[in-house]
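Participant: The structure under discussion is supplied below as structure tokens; questions concerning it will follow.
The values are calculated or read from the model by the stated rules, or taken from the named source; none is laboratory data. These numbers come from a predicted model, not from an experiment. As a convention, Cβ positions derive from the backbone with ideal geometry for all residues, glycine included, and neighbour counts pool all protein chains shown.
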Amino acid sequence: MYDFLVVGAGLFGSVFAYEANKAGKKVLVIDKRSTVAGNIYTENIENINVHKYGAHIFHTNNKKVWDYVQQFAEFNRYTNSPIAVYKDELYNLPFNMNTFNKMWGVVTPQQAKDRIDAQVKEARITTPKNLEEQAISMVGKDIYEKLIEGYTGKQWGKPCSELPSFIIKRLPVRFTYDNNYFNDKYQGIPIGGYTGIIEKMLEGIEVRLNTDFLENRDEYSSIAKKIIYTGMIDEYYDYCYGELEYRSLRFETEMLNVENYQGNAVVNYTEYEVPYTRIIEHKHFEFGCQNANEVNNKTVITREYPAEWTKGDEPYYPMNDEKNNQLYTKYKTLSDKEENVVFGGRLGMYRYFDMHNVVDEALKLSEKLLG
Ligand code: FAD
Ligand code: UDP
């Protein structure tokens, strides 16, 4: 008999498993995939750590979380500064003085603010009711039309007028010449990739891969005193109240015989007509082109295509709009009655969590259950 069965060897499951093991508990971790690390899995190809499930940059304001992850890897000083390409124009992200200068030729913060204010006034928005109105009230119509409307429409498969505002509120708007995509105090990429972090967390813990909890639900439910479940909560309950909506992705990765393909880790393609949202060039996450003495004439790039989610696809993003959040509340109420099962992580809690949120939540649960 195990004290804990952890379903899912992603970040949430692995943090919890590490803490439980440290507290002397007997832990079994299972995952239906053939690899650990869930969506933060990285694979070394030609000495380049490839982010197999999309670009992952660790950033947080929470010192406790930052200190916690340092135990498992050394982090570099990577600062995310994506470039946005719209037709033949190129802009800096997030929205800052460099973006405003390129868009309108303005030079001072006051000039930029005046431009935005005039466009917000013209759009007659007082209280933004959806993503479109939220975006226009943050950065004006020109930036909305060139850098947000098309990208967001293809990313989420819905027009911005039908999407919740919180999605765009994730992005900073800054009246300084600062291209740092995040406002957080701490930011970096683990040197050597994310998989090493998870492997360290799971050291000495029994892990069974290619093992789907739902295929042997009775057996797995009876081998542990408590289950920590990080898969989809609606799937666990056989969709008894209906399906929650997710958004999926398709990744096309290729190795190229060139040293430097795009000069930046992340380049967004914001036009609706380009079917992918971004191209990632993985070597730049670890400064793969900085040292002229260590030329690697190969590079790995990934195109990220948004995709509709249907049962069986990877549920990369929960769709946290009002309708789905209400449905999730019903599943949550059901799960609160469970004595032996606790749900965690992006899929178990149906939340658009970043990695730092996941670590924080997993530590909170560990404190609650392990003391
Ligand atoms: P997951 O990683 O999804 O792990 C859940 C695991 O459970 C999976 O391995 C799955 O196979 C397994 N599982 C599910 N059901 C079962 C079952 N029935 N039986 C057995 N196993 C099961 N965050 C950031 O902080 N910075 C970023 O830059 C960033 N970029 C992102 C980019 C993309 C494209 C995406 C999709 C996410 C990004 N994130 C980023 C978010 C980050 O990926 C998540 O916060 C984190 O990976 C969630 O960890 P998790 O353990 O909750 O879920
Ligand atoms: N976004 C956009 N244009 C961009 C980048 C982002 O409109 O060039 C919007 C889009 O709606 C996206 C949201 O901002 O879903 C949040 O962006 P983020 O980079 O945080 O998305 P994630 O990394 O979670 O996919």
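Participant: Within the range 275-309, which residues are assigned to a loop (DSSP other than H, G, I, E, B) and either touching a residue at least 12 places away in the same chain (Cβ under 8 Å) or within 17 Å of the chain's Cα centre (by Cα) (or both)? Give the derivation first.
Facilitator: Looking only at the range 275-309, we keep the residues that are assigned to a loop (DSSP other than H, G, I, E, B), and these are 275-277, 287-291, 295-298, 309.
Result: Pro275, Tyr276, Thr277, Phe287, Gly288, Cys289, Val295, Asn296, Asn297, Lys298, Trp309.
Participant: Mind telling me which of the residues Thr211, Thr253 ends up being closer than 26 Å to Tyr350 by Cβ and modelled with pLDDT of 95 or more?
Facilitator: Values: Thr253 fails: closer than 26 Å to Tyr350 by Cβ.
Among Thr211, Thr253, only Thr211 is closer than 26 Å to Tyr350 by Cβ and modelled with pLDDT of 95 or more.
Participant: What are the pairs, 6+ residues apart or on separate chains, where a residue within the range 221-241 that is in contact (Cβ under 8 Å) with a residue 60 or more places away in the chain has its Cβ under 7 Å from a residue that is of a type in the set (Asp, Glu) and crowded, with 16+ Cβ neighbours inside 10 Å?
Facilitator: Pairs found: Ala224/Asp3; Lys225/Asp3; Lys226/Asp3.
Participant: Which condition from (1) outside any helix (DSSP H, G or I); (2) surrounded by fewer than 17 Cβ atoms within 10 Å (Cβ to Cβ) is the one that Pro128 breaks?
Facilitator: (2)
Participant: To continue, here is another question. Find all pairs meeting these conditions: Cβ atoms under 9 angstrom apart; at least six residues apart or on different chains; first residue within the range 354-366 and more than 9 Å from Asn62 (Cβ to Cβ); second residue at pLDDT below 95 and not in a helix (DSSP H, G or I).
Facilitator: Correct list of pairs: Asp354/Arg170.
Participant: Need a quick list: helices (runs of 4 or more DSSP H) entirely within the range 143-236 having at least 1 residues that are over 22 Å from the mean Cα position of the chain (by Cα).
Facilitator: 217-221, 233-236
Participant: Ok, one more. Hey, could you check the range 69-93 for residues that are within 16 Å of ligand 2 (Cβ to nearest atom) and in a loop (DSSP other than H, G, I, E, B) and say which is nearest to Gly196 (Cα to Cα)?
Facilitator: Tyr78
Participant: Please name all residue pairs, on different chains or six or more residues apart, with Cβ atoms under 8 Å, provided the first residue is in the range 152-164 and is closer than 19 Å to Tyr86 by Cα and the second residue is part of a loop (DSSP other than H, G, I, E, B) and within 15 Å of ligand 1 (Cβ to nearest atom).
Facilitator: Once the first residue is closer than 19 Å to Tyr86 by Cα and sits in the range 152-164, its partners that are part of a loop (DSSP other than H, G, I, E, B) and within 15 Å of ligand 1 (Cβ to nearest atom) give Lys154/Thr277; Gln155/Thr277; Trp156/Met319.
Participant: If you don't mind, another one. Out of all the residues in the range 314-338, which are among the acidic types (Asp, Glu) and at pLDDT 95 or above? Spell out the reasoning first.
Facilitator: Taking the range 314-338 and keeping what is among the acidic types (Asp, Glu), we get 314, 321-322, 336, 338.
Glu314, Asp336, Glu338 - these are the residues of the range 314-338 that are among the acidic types (Asp, Glu) and at pLDDT 95 or above.
Participant: Quick check on this structure: which one of Tyr331, Tyr352, Tyr316 is more than 26 Å from Val50 (Cα to Cα), hydroxyl-bearing (Ser, Thr, Tyr) and within 16 Å of ligand 1 (Cβ to nearest atom)?
Facilitator: On the way: Tyr352 fails: more than 26 Å from Val50 (Cα to Cα); Tyr316 fails: more than 26 Å from Val50 (Cα to Cα).
The conditions single out Tyr331.
Participant: Here is a follow-up. Give the residue that is surrounded by the most Cβ atoms within 10 Å (Cβ to Cβ), with candidates limited to residues of the range 57-98 that are under 13 Å from Gln187 (Cβ atoms) and of a type in the set (Phe, Trp, Tyr).
Facilitator: Phe58
Participant: Here are some conditions: (1) within 16 Å of Leu93 (Cα to Cα); (2) surrounded by fewer than 19 Cβ atoms within 10 Å (Cβ to Cβ); (3) over 18 Å from the mean Cα position of the chain (by Cα). Asp114 meets all but one. Which one does it not meet?
Facilitator: The failed condition is (1).
Participant: For a quick check of your reading: which helices (runs of 4 or more DSSP H) sit entirely within the range 318-371 and have at least 2 residues that are within 16 Å of ligand 2 (Cβ to nearest atom)? Quick ask: steps written out before the conclusion?
Facilitator: Numbers: elements: 322-336, 345-348, 355-370.
Those helices (runs of 4 or more DSSP H) span 345-348, 355-370.
Residue-by-condition table, conditions (1) surrounded by fewer than 19 Cβ atoms within 10 Å (Cβ to Cβ); (2) not aromatic (Phe, Trp, Tyr):
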site	(1), (2)
Trp156	no, no
Ile168	no, yes
Phe175	yes, no
Tyr181	no, no
Tyr186	yes, no
Gly192	yes, yes
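Participant: Could you please find all residues in the range 32-52 being farther than 12 Å from Ser14 by Cα and of a type in the set (A, V, I, L, M, F, W, C)?
Facilitator: Of all residues in the range 32-52, those farther than 12 Å from Ser14 by Cα come to 32-35, 39, 41-52.
Correct list: Ile45, Ile48, Val50.
Participant: Only residues that are in contact with a helix residue (DSSP H, G or I) (Cβ under 7 Å, 6 or more places away or on another chain) and of a type in the set (Gly, Ala, Ser): list them for the range 217-265, please.
Facilitator: Matches in the range 217-265: Gly231, Gly242, Ala265.
Participant: Residues in the range 30-56 that are surrounded by fewer than 20 Cβ atoms within 10 Å (Cβ to Cβ), over 18 Å from the mean Cα position of the chain (by Cα) and within 6 Å of ligand 1 (Cβ to nearest atom): how many?
Facilitator: 2
Participant: Further, regarding this structure: For residues that are part of a helix (DSSP H, G or I), under 13 Å from Gly193 (Cα atoms) and β-branched (Val, Ile, Thr), tally how many sit in the range 22-68.
Facilitator: Result for the range 22-68: 1.
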